[in-house]
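A.B. asks: I'd like to ask you about the structure that follows.
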């Protein structure tokens, strides 16, 4: 049974969030997104020449996304470098962003998206994707919508939003983790993963809760971008 | 920045004028925050002008090096991460050089009392891992990385087995070896070079000083005369006081 959350949040409550854009001056676009003790920093370089050349597409651009964790982001130490987990997450983030960005506008070019996790307390891929999409918007890329991502799930018998590491590791009754990303104004799911075990009804509830969370994140993203561009003018 | 601007900066440098209005030995504004990474044992976020770095310290048990059975270990890793620049060649060069120079400054000054990090001689000692990430490079990563690493070390606290209380790393504050980087453009020597200054400089010299000179690293193809080296070392000792006060101030509990 899981009746009260470890950090006393309501079951459909997100952790406190922070969003900021434009922190990396060298990049075409950049963003930092923090949710609870999870934080991701993203930088976008491009559109630029495709390398290696054979990845080039004549009718559209491509996205190359790299997700990595800083060694001090986890309780032990993440070995520096790109491992299999990083590869997989990079791939799912690339897929989500490919849907959001109007790639037809950039034939024969490449957009480099780099995301680093500086602090990890579950939900790093979602935080990374949220940061990456803000960085793309900050870079001025034409997009169908921003991406808002959050992990929802089920702990014991309770459907929960925005799981912490402590909750993910909850043993009694097990925990199910569902990272989910929306293009909120289009109501499109662009990233969806699941591990654990839930019934069909519960999954429906989880996705509904994820959607509500995504909309809250979406509002924050828009606010951060507006703040940036109103300061500049 | 275009080639023309480089010419302009070079011409101005000959007259000791800098594009950002600084004097020859002025440092850019330094911003330091500690305790920014909750999974680390000590951490620092540092801005040196537009250059931004993040450093985290982790203190973990491990097997000692066979030739140093009675000492803890120090591992410094610097990444000019892909966030900071779009040029791979820059990143690889900087990663290796900055990491190694920062490591030397901390190691050679004996800042950390390695003998106190032994749990069981020959079997188990503590390793101090310092990981430094460049978030944005606007010149002088060497000093930024060094100061971020030192601040993170000053901030570091760890638990010993069998005790709940966190203790500070055994540091000798007299041995805080602070890096000072100078760029030589023509005959002018500039402290804390910006990225354009660093790029067009003929030569670069980084000097880490505590009560002694602990490490030096000359970069780029140009040269320094012995008099110029002595001048830089003198300046480093002069500038050290203010920089050290700043670092200590930010980590005072």
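For (1) closer than 30 Å to residue B:121 by Cα; (2) modelled with pLDDT of 95 or more, each residue gets a yes or a no:
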{"residue": "B:21", "(1), (2)": "no, no"}
{"residue": "B:39", "(1), (2)": "yes, no"}
{"residue": "B:53", "(1), (2)": "no, yes"}
{"residue": "B:67", "(1), (2)": "yes, no"}
{"residue": "B:70", "(1), (2)": "yes, no"}
{"residue": "B:77", "(1), (2)": "yes, no"}
{"residue": "B:81", "(1), (2)": "no, no"}
{"residue": "B:84", "(1), (2)": "no, no"}
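A.B. asks: Within region A:194-233, which residues are within 26 Å of residue A:156 (Cβ to Cβ), modelled with pLDDT under 90 and touching a helix residue (DSSP H, G or I) at 6+ places or on another chain (Cβ under 9 Å)?
C.D. replies: A:194, A:198
A.B. asks: May I ask you to list the residues in region B:58-102 that are out of contact with any helix residue (DSSP H, G or I) (no Cβ under 9 Å at 6 or more places or on another chain) and under 24 Å from residue B:137 (Cα atoms)?
C.D. replies: Within region B:58-102, B:83, B:86, B:87, B:88, B:89, B:90, B:91, B:92, B:93, B:95, B:96, B:100 qualify.
A.B. asks: I would also like to ask the following. Taking region A:57-98 as the region of interest, how many residues are over 16 Å from the mean Cα position of the chain (by Cα), at the interface with chain B (Cβ under 8 Å from one of its Cβ atoms) and not in a loop (DSSP other than H, G, I, E, B)?
C.D. replies: 3
A.B. asks: Further question on the same structure: Could you count how many residues in region A:163-185 are outside any strand (DSSP E or B) and in contact with a helix residue (DSSP H, G or I) (Cβ under 6 Å, 6 or more places away or on another chain)?
C.D. replies: Qualifying residue count for the region: 1.
A.B. asks: Next question, about the same structure. Which of the residues that make up region B:21-51 are under 16 Å from the mean Cα position of the chain (by Cα), at the interface with chain A (Cβ under 9 Å from one of its Cβ atoms) and in a loop (DSSP other than H, G, I, E, B)?
C.D. replies: Once the filter is applied, which keeps residues that are under 16 Å from the mean Cα position of the chain (by Cα), at the interface with chain A (Cβ under 9 Å from one of its Cβ atoms) and in a loop (DSSP other than H, G, I, E, B), region B:21-51 yields only B:50.
A.B. asks: Can I ask one more? How about region A:17-35: which of its residues are in a loop (DSSP other than H, G, I, E, B) and at the interface with chain B (Cβ under 10 Å from one of its Cβ atoms)?
C.D. replies: A:23, A:24, A:25, A:26, A:27, A:28
A.B. asks: Among the residues of region A:38-49 satisfying the criterion of being at the interface with another protein chain (Cβ under 9 Å from one of its Cβ atoms) and crowded, with 18+ Cβ neighbours inside 10 Å, which is farthest from the chain's Cα centre (by Cα)?
C.D. replies: Filtering region A:38-49 for residues that are at the interface with another protein chain (Cβ under 9 Å from one of its Cβ atoms) and crowded, with 18+ Cβ neighbours inside 10 Å, the one farthest from the chain's Cα centre (by Cα) comes out as A:46.
A.B. asks: So which residues in region B:71-109 are away from chain A (no Cβ under 11 Å) and surrounded by fewer than 15 Cβ atoms within 10 Å (Cβ to Cβ), if there are any at all?
C.D. replies: B:89, B:92, B:93, B:96, B:100
A.B. asks: Which one of B:54, B:60 is in contact (Cβ under 8 Å) with a residue 40 or more places away in the chain, exposed (fewer than 15 other Cβ atoms within 10 Å of the Cβ) and within 11 Å of another protein chain (Cβ to nearest Cβ)? Let's see the steps before the verdict.
C.D. replies: Details: B:54 fails: exposed (fewer than 15 other Cβ atoms within 10 Å of the Cβ).
So the residue among B:54, B:60 that is in contact (Cβ under 8 Å) with a residue 40 or more places away in the chain, exposed (fewer than 15 other Cβ atoms within 10 Å of the Cβ) and within 11 Å of another protein chain (Cβ to nearest Cβ) is B:60.
A.B. asks: Quickly run through region B:93-145 and pick out the residues that are assigned to a helix (DSSP H, G or I), over 14 Å from the mean Cα position of the chain (by Cα) and in contact (Cβ under 8 Å) with a residue 12 or more places away in the chain. Break it down into steps so the answer makes sense when it comes.
C.D. replies: Start the filter on region B:93-145 by keeping residues that are assigned to a helix (DSSP H, G or I), which leaves B:93-108, B:114-117, B:141-145.
Right, trim to over 14 Å from the mean Cα position of the chain (by Cα) and you get B:93, B:114-117.
Selection gives B:114, B:115, B:116, B:117.
A.B. asks: How many residues does region A:186-202 contain that are assigned to a strand (DSSP E or B) and within 22 Å of residue A:101 (Cα to Cα)? Let's see the steps before the verdict.
C.D. replies: Taking region A:186-202 first, the residues assigned to a strand (DSSP E or B) are A:188-192, A:195.
Checking the rest, the ones that are also within 22 Å of residue A:101 (Cα to Cα) come to A:188-192.
Residues meeting the conditions: 5.
The values are calculated or read from the model by the stated rules, or taken from the named source; none is laboratory data. Computed from a predicted structure; not experimentally measured. Positions of Cβ are backbone-derived with ideal geometry, glycine not excepted, and every protein chain shown enters the neighbour counts.
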